[in-house]
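Q: Let me begin by handing over the structure; questions about it come next.
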């Protein structure tokens, strides 16, 4: 019988497992960023629902590389991302697909 090491993020509500530690760490970092963005948005925008803040936080975390480029002075990269992917999916449909 073979033994396989599995990795998972304690932030992942779906409890996905990975055989590659690097993939599990990447998911954990993304989820941590999304959670902190959610808390930031809720604190800064009065009346924003937790669900909306969570969706925005996850959207930014999923597209952090494009966001960084845009923040460094090339905002047009955000439109290129939008054209490539079409409409952004809701967090629920992303969780079901994940």
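Q: Among the residues of the range 64-72, is any out of contact with any helix residue (DSSP H, G or I) (no Cβ under 9 Å at 6 or more places or on another chain), surrounded by fewer than 17 Cβ atoms within 10 Å (Cβ to Cβ) and modelled with pLDDT under 85?
A: Scanning the range 64-72 turns up no residue that is out of contact with any helix residue (DSSP H, G or I) (no Cβ under 9 Å at 6 or more places or on another chain), surrounded by fewer than 17 Cβ atoms within 10 Å (Cβ to Cβ) and modelled with pLDDT under 85.
Q: Got a number for residues in the range 7-62 being buried (at least 16 other Cβ atoms within 10 Å of the Cβ), part of a helix (DSSP H, G or I) and touching a strand residue (DSSP E or B) at 6+ places or on another chain (Cβ under 6 Å)?
A: Number of matching residues: 1.
The values are calculated or read from the model by the stated rules, or taken from the named source; none is laboratory data. The structure presented is a predicted model; accordingly, all values stated were derived computationally and were not measured. Positions of Cβ are generated from backbone atoms using ideal geometry, with glycine treated the same way; all protein chains shown enter the neighbour counts.
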